[in-house]
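K.L.:
Here it is, the structure in full.
The values are calculated or read from the model by the stated rules, or taken from the named source; none is laboratory data. Please read all numbers here as calculations on a predicted model, not as lab measurements. For neighbour counting, all protein chains shown are included, and Cβ atoms are generated from backbone atoms with ideal geometry for every residue, glycine included. When the accessible area is computed, the model is the full protein with side chains, heavy atoms only, and any ligands, DNA or RNA have been set aside. Shrake-Rupley method; radii C 1.70, N 1.55, O 1.52, S 1.80 Å.
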Amino acid sequence: MRRAAWGWASGGAFLLLAAWARGGLQPIDGPVMAVTQSLPAIALRASIAVSSTAVIAACGLFLAWFFRRDLRLLPLVVVIGLVPVIERALKLLIHRARPTGIGLGFPSGHAMASLTLVMLIGGAAWPVLRPRGKVWAALLAGLFELIVAVGLMGQRAHWLSDILGGWAAAGAYACWMLPFIRSPRAAPV
């Protein structure tokens, strides 16, 4: 499936999740939250630290520096800077409360920002990675996103469906924005 098709598929998944979110919690939200809350305290604290804005930003800055030849940095900053604006607008449209009942939760901004960073920087660097590097990049990105999700649920900031909504929105946004941030020297996908 081509990049644009993945973007449309992610956008459709977001719309489906958003429609469900307006109807309330999903059957899996409560059980997954309970499992997350039952993890050892040290695992929860570590995952909460990784899901912080500062750690996500630091990871993004490191990756942007590491793959700087494959990126247009100014467009990357602009595209990432729009994520909180889009996320806030989506939260106001869907209007679903966080697990604590304070504030809006759908979609998760941290999940959206972290996956947008991973997809944009990874997507720009993908053509220059060797096959083994691609495997490691995919595994590390998946592990990072899993830890972010556990951290967000561990601090009761989001339900699983909030995180899935953030990831779906990020998937669509990143797929559509990737051509703007990829360096002309990078091989096309």
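K.L.:
If I filter segment 98-105 for residues that are among the aliphatic types (A, V, I, L, M), within 22 Å of PHE144 (Cβ to Cβ) and open to solvent by less than 40 Å² (accessible area, probe 1.4 Å), do I get at least one hit?
P.N.:
No, that holds for no residue.
K.L.:
Here is a further query. I'd like to know if segment 58-66 contains one or more residues that are crowded, with 17+ Cβ neighbours inside 10 Å and either of a type in the set (Gly, Ala, Ser) or within 22 Å of LEU160 (Cα to Cα) (or both).
P.N.:
Checking segment 58-66: at least one residue is crowded, with 17+ Cβ neighbours inside 10 Å and either of a type in the set (Gly, Ala, Ser) or within 22 Å of LEU160 (Cα to Cα) (or both).
K.L.:
I would also like to ask the following. Considering only residues that are out of contact with any helix residue (DSSP H, G or I) (no Cβ under 7 Å at 6 or more places or on another chain) and of a type in the set (A, V, I, L, M, F, W, C), which ones fall in segment 146-173?
P.N.:
LEU146, ALA157
K.L.:
Does SER51 meet the test of being among the hydroxyl-bearing types (Ser, Thr, Tyr) and free of Cβ contacts under 8 Å to residues at least 60 places away in the same chain? Give the steps one after another, and end with the answer.
P.N.:
Details: among the hydroxyl-bearing types (Ser, Thr, Tyr): yes; free of Cβ contacts under 8 Å to residues at least 60 places away in the same chain: no.
For SER51, the condition - among the hydroxyl-bearing types (Ser, Thr, Tyr) and free of Cβ contacts under 8 Å to residues at least 60 places away in the same chain - is not met.
K.L.:
Out of all the residues in segment 32-52, is one or more in a helix (DSSP H, G or I), among the small types (Gly, Ala, Ser), at pLDDT below 80 and surrounded by 15 or more Cβ atoms within 10 Å (Cβ to Cβ)?
P.N.:
Our first condition is that a residue be in a helix (DSSP H, G or I); within segment 32-52, this holds for 32-37, 41-50.
Those left that are additionally among the small types (Gly, Ala, Ser): 34, 41, 43, 46-47, 49.
From what is left, the residues that are at pLDDT below 80 are none.
The answer is no; no qualifying residue exists.
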